[in-house]
Amino acid sequence: MRHDSTVLDEVSETGSVLSGPVESRDFPEWFREQQQDGWKQFVSLPSPKRKDQLWRFSNVDLLNLTPFKFGGALPDKERNAILEQSRGLDKVAARLIFAGDQLIERDVLSDQLKKRGVIFQPLERAMIEHGELFRKHFMSQPAVLGSGKFAALHQALVSSGTFLYVPRGVEIDLPIEIFHWLHGENASVFPHLLLVTDELAKVTVIESFRSLDKEAAGFACGVNDLIAGPGAKVTYVCTQNWGSNVVALQMNSTIVDHDASAMSLNLHLGGKYSRFESLSRLIGEGGRSDLLAISVANDTQEFDARSLQDHISPHTASDLLYKNALSDRARTTFGGLIRVEPHAHFTDAYQKVRNLLLSDDSEANSMPGLEILADNVRCTHGATSGQIDADELFYLRTRGIPVPIAQRLIVSGFLNEVLQRLDHEAIADHLRRLIEDKFANE
Amino acid sequence: MKTETSAVDINRSIGDFAYPEVHVRDAGAGLSEKTIHYISDVKEDPDWVREFRLRGLKTFLEKPLPTHWASKDLEAIDFDKIRYYLSPGTEAKRTWEEVPEDIKRTFERLGIPEQERKFLAGVEAQFDSEAVYSNIKKAVGEQGVIFVGSTEGLKKYPEIFRKWFGKVIPIADNKFSALNSAVFSGGSFIYVPPGVKVKHPLQAYFRINAENFGQFERTLIIADEGSEVTYMEGCTAPKFNTTTLHSAVVELVALKGAKIQYITVQNWSANVFNLVTKRGLAQENAEVKWIDCNIGSRLTMKYPSVIMKGRKARGEVLSIALANDGQHQDTGAKMIHAADETTSNIISKSISIGKGRATYRGLVHVPKHLKNCKNNTECDALLINATSRTDTYPAITVRGTGNAVQHEASVSQVSAEQIFYMQQRGLTEAQAMSLSVNGFVNDLVRQFPMEYSVELKRLIELEMEGSVG
């Protein structure tokens, strides 16, 4: 077995994520084989280099995984602290809380939804009770945005997560909530969400990533696959608030079938280095995908967002809006591509990234890209980088508002455009509070 | 819009002829230290130039092709089959009478003598690698403007030449700048003294004639404090059967308060690899403006750059690319802000016809602690047929709070309503399409000098012929 230089530079001890998949507990055989395949791939694929186009501007030196271990035992005290702090929305349809990739609490769906065939289960149960359906979609999307190696690692080491299936015509009004917690020093988690919606189904999911100890080093490597069936409506919100020494990689993909619409909003607050890859594939006519993201970056945080809006079928639409507010020595990178495949005529695609630089040492990199292989399309993108308008600040000061508060108001207003696009007041309020909390702790 | 019809073969009859080759000096095919010594011997290079060439060769051989981001088509270049140097064995000509008869005929076909003499102050025509005809109007010469071939420049004016040569674009900038550094020959050297404003544009024509012959001209323009100059280069080339390589290096230096405008109309035949490095340095209050128009070639890779080194320096790139069947126009711009209050502007328009592919690649860099830097980038792409392709890959880095950068790009096609309307008014579909495309590029073309905009519009019409219908 060839050990890769930067990732596997030391012989790994037991309990390290670099010692490979743990021999299964109760996983079915096909799953164990997939784990082994994933591990082989992880070991054989090269580590990302800064020169790779998909890692341009990224600080790849932060990807040394040597210190990270599988999660340990969870003492009662910590368990209670996690449950205490797992507060999100007031009203939810169901809830799962994971700590160190172990399910520690669940609020089940109403009997009515269960009767209609909705499945909301941890991964390890779904792969046995709904084997065929689960297997069909599990890890079925390619990791094309640079993190193939880490998607393979995820496949090798994932041990829990969420499977949500919404059958034909079922609409779930209240959001479904999922928490993933990191606890302990140098711990790692491999969050997984597989969401499959059938025709005309409707669902909203909000996922939260948290660290119990805000200073502890940690590693998160998540995969998230949303499959929007014909005419389905899927809304996915993620609030990433890992501790300040966490290295996080998240690989999301969304498949949008005909007449379906998918909307995702990712709020990035935590982590030391956080990479977020988002693939949106529009495979059926009339499909629409909205990709929204907000990053509030301070200290020496680095947020690295990569996206691909892949228009495969004609008559599809996509709209990306990412906003970054940067202070201190923070860095953000945006690498986005709209790709219109041959024959995907009548594509309507939009992509916009806006950076608000609040300090002299912050740095924003933008690489908005287009690859158009069909005509009869309307594709535009824009990227702006700027700072707070001196006139706006002056106006607020004349109204007696001190500079720091005025700045915060302007930044909140800048980010609010993204939250409004969500069109879900309760969730938007929740996200606003999280953003305010981060400002308050600066 | 009808999308099934493929684009018609380009009418290149204007540039499509060649006369028998009479090359007195020929370095043979392939590249080795021997080739370099041969070139240096023939050109009677000073020692420092010979060393410069050898360093260029070493770097060229060491560097890999940039195919990790650039087109794999580069691999089709067979560097061993290219002839890196030939010269008609004649010295630069001063008067028209001394120009060889067959070369005169070539120029006649291109319509150079009558047209250009009227408009242009000086003519520096490069036929293959040596300047065979150069003429500066007396008035320009009297102002102290130096306008000579690069070989003559480095020998006659070493004190100015050496100071800037290879400084804006170092040998190791990229594989092809290294290649040029090794085998350069021809090109222009221009020096404009302080305060001199050259009224008429200076112009050079480049042609590739000997089959399989790479042309490696090297141009260095220095505008001293407060001076102004416009340089124009136009390229047409006869058609050949095998691929040809053109790899130029152009360095511009605009000292305090100077203005340089560099205009290119590139119309190489569709078998030419056009891999050019162009960069300008703008000191305090200076301005460097590239106007770049790419119509021909098989693959063009060209990203004119401006390094704004002094306060209030300005950089601008206006570019038009037209990609027809079998062509890939990979063009763009780089703007490096290195001082406060520097501003830059990039406007790029591309048109893809048939199976053509147009790519915009851009870089805007604003480092920290700079104040009041501004960049504006606009990229618009027009797709004519269903098989046409366009890409945009900008990279923008901004640090600090004092700067503003905006980038915008759009992709569209000619609207069916517009075409329908014009057909109602009695135009054929092809005419209507041509008119629409001219409208798309019109606001850019208007910024070109008059004679160029006329030529450009005609070239676009020529390319559009038969693309619809």
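Which pairs, out of A:233/A:323; A:51/B:371; A:352/B:289; A:323/B:312; B:312/B:371; A:136/A:233, put more than 18 Å between their alpha-carbon atoms?
Pairs exceeding 18 Å: A:233/A:323; A:51/B:371; A:352/B:289; A:323/B:312; A:136/A:233.
Once you have the Cα-Cα distance between residue B:162 and residue B:73, take 0.36 nm times their residue separation minus that, and quote the gain in nm to one decimal.
So the extension gain works out to 28.5 nm.
Convert each backbone phi in region B:438-450 into a coupling constant with the Karplus relation 6.51 cos²θ - 1.76 cosθ + 1.60 (shift: θ = phi - 60°), then list the ³J(HN,Hα) values in order as whole Hz, x for Gly and Pro.
Coupling constants for region B:438-450: 4, x, 4, 9, 4, 5, 7, 4, 4, 7, 7, x, 3 Hz.
Can you give the FRET efficiency for residue A:399 and residue B:371, using 1/(1 + (r/R0)^6), R0 = 30 Å, r = Cβ-Cβ distance, to the nearest 0.05?
Using R0 = 30 Å, I get an efficiency of 0.65.
List the residues of region A:83-98 whose backbone N lies under 17 Å from a point placed 7 Å from the Cα of residue A:115 along the Cα-to-Cβ direction.
The answer is none, because no backbone nitrogen lies closer than 17 Å to the label point.
Using a Förster radius of 56 Å, what is the FRET efficiency between residue A:425 and residue A:51 based on their Cβ-Cβ separation? Nearest 0.05, please.
0.80
How would region A:68-390 be classified by its alpha-carbon gyration tensor: rounded, prolate or oblate, with rounded meaning a/c under 1.5 and the a/b versus b/c comparison settling the rest?
Oblate, since a/c reaches 1.5 and b/c is not below a/b.
Return the FRET efficiency for the residue pair residue A:90, residue A:283: r is the Cβ-Cβ distance, R0 is 30 Å, and the value is rounded to the nearest 0.05.
The value I calculate is 0.25.
Using the basic label-point model (7 angstrom from Cα toward the beta carbon), what is the residue A:390 to residue B:424 distance in nanometres?
In this crude spin-label approximation the distance works out to 5.2 nm.
Specify the residue with the greatest mean-square fluctuation among A:197, A:162, A:380, computed from a Gaussian network of chain A linking alpha-carbon atoms under 10 Å apart.
So, out of A:197, A:162, A:380, the one fluctuating most is A:380.
With a 10 Å cut-off between alpha carbons and a GNM built on chain A, which of A:294, A:312, A:388 moves the most?
Maximum fluctuation in the GNM of chain A, among the listed residues, is at A:388.
Per 0.36 nm of contour for each residue apart, how much would the distance between residue A:436 and residue A:140 grow if the chain were fully extended, relative to their Cα-Cα spacing?
Length gained between residue A:436 and residue A:140: 102.8 nm.
Across peptide A:351-359, how many C-beta atoms of other chains are within 10 Å of each residue C-beta, on average? If you can, show how the numbers build up before the last one.
Working: counts 1, 1, 2, 1, 3, 1, 10, 1, 4.
That works out to 3 on average.
Each value in this text was obtained by applying a stated rule to the coordinates, not by laboratory testing. The shown structure was predicted, so the numbers you read here are calculated from the model rather than taken from an experiment. Virtual Cβ from ideal backbone geometry, glycine too; neighbours counted across all protein chains shown.
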